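Visitor: A single structure is presented below for examination.
The values are calculated or read from the model by the stated rules, or taken from the named source; none is laboratory data. Keep in mind that what you see is a predicted model, and the values were worked out from it rather than measured. Note that we place each Cβ from the backbone using ideal geometry, even for glycine, and neighbour counts take in every protein chain shown. Keep in mind that these areas ignore ligands, DNA and RNA; they rest on the heavy atoms of the full protein, side chains included. Shrake-Rupley method; radii C 1.70, N 1.55, O 1.52, S 1.80 Å.
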Amino acid sequence: MTRLVNKTVLITGAAQGIGAAIAKLFIAEGARVVLTDINRTLGQQLAEQLGEMAEFRYLDVSDESNWQSISTGIEEKYGVLDVLVNNAGITGFFTDKGLDGPHDPEHLNLDSWRYVQQVNLDGVALGCKYGIGLMKKSSGASIVNISSRSGLVGIPGASSYAASKAGVRNHSKSVALYCAEQGYAIRCNSIHPGAILTPMWDAMLGQGEQREAAIAAVANDVPLKVMGEPDDVAYAALYLASNESKYVTGIELNIDGGILAGSSAAPKTDD
Ligand code: NAP
């Protein structure tokens, strides 16, 4: 359990779901982790549970002034950042700001569209901007951007989410090549999860028996016939964060139970 020893890590959206699983796994592998989120209560609780190698700081990824202050704080306390996981993201369906869509291409609401881009894409671009500044002194740094399977295919009812995640995929490659050109020891890769059971799904799945039926319906559309767990993504992030992936930059890693491997129109063997 030493794959991340001596590494200082910042994770966004780390209070729950995939970000929380990454924080737990990284600490188990010896990292020092700054958990950040807009949910102070859950973020603080988790950091306390994780012990002295964890601390919580408030960070709204869409707000550049938040990035400036966290960047100053990390520089003062740790001097350098080794790993940044840009994980925070929203679907845009259940916001508390009255910006819930519609998100289909014909009827999209521009303010809702912009809100999704601000969190999902601007948030990642700002993370990379400030992350690069903090990582230049590291001897082997890694930026892991959490995109989505929706960043690789169209999603008619969630076009703003899909466009934002496609932007994350492409920006990760620009960051990877920019850092290589500059001679910085900073790699950058994207992860593309699909159908991972986290709180993000709660409002879409409903409760009680309805929830179980909805989970079964989602699982039925996944080739492996099961929804993924946050740890499935955390292990991919661990590989990309550790020095084991020192020759890996600009790649996209799908963690989706096989969703992206095929096509719904493919002929079946018995056809
Ligand atoms: P989640 O359970 O909703 O957790 C995301 C966390 O990010 C929440 O604590 C959320 O706080 C926080 N957050 C929201 N807006 C933020 C902001 N502006 N700044 C900082 N934190 C913010 O989501 P998840 O399923 O773990 O998803 C994590 C990442 O994986 C996201 O980028 C998501 O798009 C991506 N992803 C997930 C799946 C999946 O199936 N779960 C599939 C593909 C991609 P609040 O709850 O208070 O909003």
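Visitor: Can you tell me which residue within the stretch 5-32, out of those that are in a helix (DSSP H, G or I) and of a type outside the set (Gly, Ala, Ser), is farthest from residue 201 (Cα to Cα)?
Guide: Filtering the stretch 5-32 for residues that are in a helix (DSSP H, G or I) and of a type outside the set (Gly, Ala, Ser), the one farthest from residue 201 (Cα to Cα) comes out as 27.
Here's the yes/no breakdown for (1) closer than 13 Å to residue 89 by Cβ; (2) in contact with a helix residue (DSSP H, G or I) (Cβ under 7 Å, 6 or more places away or on another chain); (3) surrounded by fewer than 24 Cβ atoms within 10 Å (Cβ to Cβ):
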| position | (1), (2), (3) |
| --- | --- |
| 152 | no, yes, yes |
| 160 | yes, yes, no |
| 168 | yes, yes, no |
| 174 | no, no, yes |
| 181 | no, no, yes |
| 190 | yes, yes, no |
| 202 | no, no, yes |
| 210 | no, no, yes |
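Visitor: Which of the residues belonging to the stretch 19-41 are surrounded by fewer than 24 Cβ atoms within 10 Å (Cβ to Cβ), free of Cβ contacts under 8 Å to residues at least 40 places away in the same chain and more than 8 Å from the ligand (Cβ to nearest atom)?
Guide: Scanning the stretch 19-41 gives 27, 28, 30, 40, 41.
Results for (1) touching a residue at least 60 places away in the same chain (Cβ under 8 Å); (2) part of a loop (DSSP other than H, G, I, E, B); (3) of a type in the set (S, T, N, Q), shown as yes or no for each residue.
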{"site": "157", "(1), (2), (3)": "no, no, no"}
{"site": "160", "(1), (2), (3)": "yes, no, yes"}
{"site": "179", "(1), (2), (3)": "yes, no, no"}
{"site": "184", "(1), (2), (3)": "no, yes, no"}
{"site": "189", "(1), (2), (3)": "yes, no, yes"}
{"site": "202", "(1), (2), (3)": "no, no, no"}
{"site": "213", "(1), (2), (3)": "no, no, no"}
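Visitor: Hey, among 131, 127, which residue is away from the ligand (no atom under 12 Å from the Cβ) and either open to solvent by less than 10 Å² (accessible area, probe 1.4 Å) or touching a residue at least 40 places away in the same chain (Cβ under 8 Å) (or both)?
Guide: Answer to the check: 131.
This table checks each residue for (1) among the basic types (Lys, Arg); (2) more than 15 Å from the ligand (Cβ to nearest atom); (3) under 28 Å from residue 111 (Cα atoms).
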site	(1), (2), (3)
145	no, no, yes
148	no, no, yes
167	no, no, yes
177	no, yes, no
182	no, yes, no
210	no, yes, no
214	no, no, no
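Visitor: If you go through the stretch 72-91 one residue at a time, how many are more than 10 Å from the ligand (Cβ to nearest atom), buried (at least 19 other Cβ atoms within 10 Å of the Cβ) and not acidic (Asp, Glu)? Give the steps one after another, and end with the answer.
Guide: Narrowing the stretch 72-91 to residues more than 10 Å from the ligand (Cβ to nearest atom): 72-84.
Then drop every residue that is not buried (at least 19 other Cβ atoms within 10 Å of the Cβ), which leaves 74, 81-84.
Of the ones still in play, those that are also not acidic (Asp, Glu) are 74, 81, 83-84.
Total satisfying the criteria: 4.
Visitor: Here are the criteria: (1) among the aliphatic types (A, V, I, L, M); (2) within 13 Å of the ligand (Cβ to nearest atom); (3) in a helix (DSSP H, G or I). Tell me which single one residue 222 does not satisfy.
Guide: (3)
Visitor: With the checklist (1) loosely packed, with under 11 Cβ neighbours inside 10 Å; (2) in contact with a helix residue (DSSP H, G or I) (Cβ under 8 Å, 6 or more places away or on another chain) in hand, flag the one item residue 263 doesn't pass.
Guide: (2)
Visitor: Tell me yes or no: at least one residue of the stretch 5-16 is within 25 Å of residue 90 (Cβ to Cβ), β-branched (Val, Ile, Thr) and open to solvent by 10 Å² or more (accessible area, probe 1.4 Å).
Guide: no
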